[in-house]
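Report on one structure; see the data block that follows.
Values quoted throughout were computed directly from the atomic coordinates according to the rules given, and no laboratory measurement underlies them. For clarity, every value in this text was computed on a predicted model and none was experimentally measured. Neighbour counts run over all protein chains shown; Cβ positions are idealised from the backbone, glycine included.
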Amino acid sequence: MKRTIIFAVLILICAFSIYLYAHHNWNSLPAGTTIDRIVVEKSARRLSIFRDRNQIKIYRIALGRKPLGSKQGEGDMKTPEGIYKIDGRNPQSNFHLALHISYPSDEDDKRAAARGVSAGLNIMIHGIQNGHGWIGAFHRWKDWTAGCIAVTDEEIEELWRVTPDGTTTEIRP
């Protein structure tokens with residue numbers, strides 16, 4: 001009986017630890033914080049936010065299912081590379097909140113047109129697909145988006161709060 005209770009307590013501790021890892025937003029930014037730049041480093045699976053040239057936080061991310069190279073056209077499952085802006089937000093997204101990136105640029109459109117394809121659209125920084133938020137930080141084990149940049153639901157809530165429309169967003173290889 002005593003072993004069963006100890007085993008049950010250990011299972012509860014493990015479950016709580018896993019939940020904490022998957023859903024805790026470490027080092028939350030204080031209320032009133034705003035940023036002026038986002039830098040995404042695809043190869044490092046890292047999104048960094050800046051204010052006045054000072055890095056204030058780093059988030060681990062998941063990318064499009066084919067992360068190597070820049071987006072060539074609609075449906076290629078790649079995350080674009082270049083300098084864009086946050087030009088809108090969607091609170092009713094299929095994913096837990098979404099910040100829209102101004103892709104495609106005129107240059108992106110020209111490159112795609114030269115290949116005879118559409119550049120695509122709707123590149124976002126977003127949370128996890130609605131109804132699947134329970135997966136939390138484990139979503140980063142695999143690149144899974146159609147070309148977007150994904151963070152946990154808790155992290156997108158923070159990014160939503162601190163990122164004004166017009167924020168420069170640089171996506172690097």
- Query: What's the exposure ranking of 53, 37, going from fewest to most Cβ atoms within 10 Å?
  - Reply: 53, 37
- Query: Zone of residue 45 (label point 7 Å along Cα→Cβ, backbone N under 16 Å): which residues in region 146-173?
  - Reply: 146-153
- Task: Report ³J(HN,Hα) in whole Hz for each residue of region 108-123, in order, from the Karplus equation J = 6.51 cos²θ - 1.76 cosθ + 1.60 where θ = phi - 60°; Gly and Pro get x.
- Result: 4, 4, 5, 4, 5, 4, 4, 8, x, 10, 7, 5, x, 6, 6, 8
- Project the alpha carbons of the chain onto their principal axes and report the range along each, largest first, in whole Å. 72, 36, 29
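What does the net charge come to around residue 159 if you take all other residues with beta carbon closer than 12 Å to its beta carbon, with K and R at +1 and D and E at -1?
Working: positive: 57, 89, 161; negative: 153, 154, 155, 157, 158.
With Lys, Arg at +1 and Asp, Glu at -1, the neighbours total -2.
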- Message: At R0 = 22 Å, how high is the FRET efficiency between residue 134 and residue 12 if r is their beta carbon distance? Nearest 0.05 is fine.
- Response: 0.80
- May I ask you to list the lysines whose Cα is less than 24 Å away from that of residue 71, ignoring any residue fewer than eight positions away on the same chain? 42, 85, 110, 142
- Query: Hey, rough spin-label estimate for residue 92 and residue 28, points 7 angstrom out along Cα→Cβ, what's it come to in nanometres?
  - Reply: 2.8 nm
- Task: With a ≥ b ≥ c taken as the square roots of the eigenvalues of the C-alpha gyration tensor of region 80-173, please select rounded if a/c is under 1.5 and otherwise prolate if a/b is larger than b/c or oblate if it is not?
- Result: prolate
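Which of rounded, prolate or oblate describes region 120-172 when judged by the alpha-carbon gyration tensor and an a/c cut-off of 1.5?
Numbers: a/c = 1.98, a/b = 1.31, b/c = 1.51.
Cα axes put region 120-172 in the oblate bin.
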- Message: If you take every DSSP beta bridge fully contained in the chain, what fraction is antiparallel? Give it as a percent rounded to 5.
- Response: 75 percent
